[in-house]
Amino acid sequence: MPDPFHIAVIPSLKILYCVMPKAASRQWRRMLYRFNNGGGRELRLRDFPPDQHKQMWETYFKFTFVREPFERILSAYKDKFVYPRPFDRPVLKFHGTAILKNCRPNASQSALEKLDDITFREFIEYLVTKGSNKSTPVMDWHWDNYVNICGMCAINYDFVGHYETFDQDLADFKEAAELSPEVAKRFNARANNKSDTASSLLSYYSQLPIEWVDILGRLFRANFEMFNYDFPGPLKSLFE
């Protein structure tokens, strides 16, 4: 079952949203939380008594969004190691220190303190040498497998959208969730920076040994297979 922390709850709409980092989750939370009491109040399943969880899973509309795995991994790297925000510091400190100690044997004290020059190659080396297809501390939920975050094998979701077709899938979500016209109008986000991350995939992944890409494919195999993403997909030219 998913960690209750990962499940956003919108009681007024009877919706459960599994928060999937780097798949437009910020836009989704912004849209959904405005329907909670007080407007913008964050509610997670863990905020409700455990004896209510089963009833909510059975009666609420359940959904999430996914994204092409290689693109999501790159987006997570940029978000947490290149452009971190102040509240990202614990993630940067935990994983950044581990990356430097494991992948940069001669890391300077300054690098260990600043944690501001971790490369994409070092990040991926950390995943392929220390990661797993199971949930571990190395597999932070910002880049972990979808099944480990949202428990697709335990929960029958009513709707799973794709980041790549966000606008169409948002329209399909409104219909599937049977939202009233008034409520549906308030769901008006668009996925951000799609072309920016997608267009830079090859320039980042071409820095890696091709066997690392293969290992990533194995680590995230369920992500590719369950949601109809081809492997190596956008990185096909690297294998030619």
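The values are calculated or read from the model by the stated rules, or taken from the named source; none is laboratory data. Only a predicted model underlies this, so the values are computations on that prediction, with no experimental measurement involved. Methodologically, a virtual Cβ is constructed for each residue, glycine included, from the backbone with ideal geometry; neighbour enumeration extends over all protein chains shown. Protein only, heavy atoms only, side chains kept; ligands, DNA and RNA dropped before computing areas. Shrake-Rupley method; radii C 1.70, N 1.55, O 1.52, S 1.80 Å.
Condition check: open to solvent by 40 Å² or more (accessible area, probe 1.4 Å) and over 30 Å from Ile15 (Cβ atoms). Does Arg218 satisfy that? So Arg218 fits the description; yes. Which residue pairs have Cβ atoms under 6 Å apart, sit 6 or more places apart or on different chains, and have a first residue in the range 90-102 that is in contact (Cβ under 8 Å) with a residue 12 or more places away in the chain and a second that is among the β-branched types (Val, Ile, Thr) and open to solvent by less than 30 Å² (accessible area, probe 1.4 Å)? Listed by first residue and then by second, the contacts come to Gly96/Ile118; Ile99/Ile118. Filtering the range 1-56 to residues that are assigned to a helix (DSSP H, G or I) and aliphatic (A, V, I, L, M) leaves Leu13, Met31, Leu32, Leu45, Met56.
Remark: pairs (first residue in the range 104-122, among the small types (Gly, Ala, Ser); second residue not in a loop (DSSP other than H, G, I, E, B); Cβ separation under 8 Å; 6+ apart in sequence or on different chains) = Ala107/Leu100; Ala107/Lys101; Ala111/Leu100.
The residues in the range 1-41 that are surrounded by fewer than 21 Cβ atoms within 10 Å (Cβ to Cβ), of a type in the set (Phe, Trp, Tyr) and closer than 20 Å to Asn156 by Cα can be counted, and the count is 1. Tally the residues that are open to solvent by less than 30 Å² (accessible area, probe 1.4 Å) and β-branched (Val, Ile, Thr), restricting the search to the range 107-146. Going through the range 107-146 one residue at a time, the tally reaches 4. With respect to Ser199, is the statement that it is small (Gly, Ala, Ser), out of contact with any Pro (no Cβ under 9 Å at 6 or more places or on another chain) and open to solvent by 50 Å² or more (accessible area, probe 1.4 Å) true? The answer is yes for Ser199.
Looking across the range 147-156, the residues that are touching a Lys or Arg at 6+ places or on another chain (Cβ under 9 Å) and either under 20 Å from Asp79 (Cα atoms) or open to solvent by 30 Å² or more (accessible area, probe 1.4 Å) (or both) come down to Asn148, Asn156.
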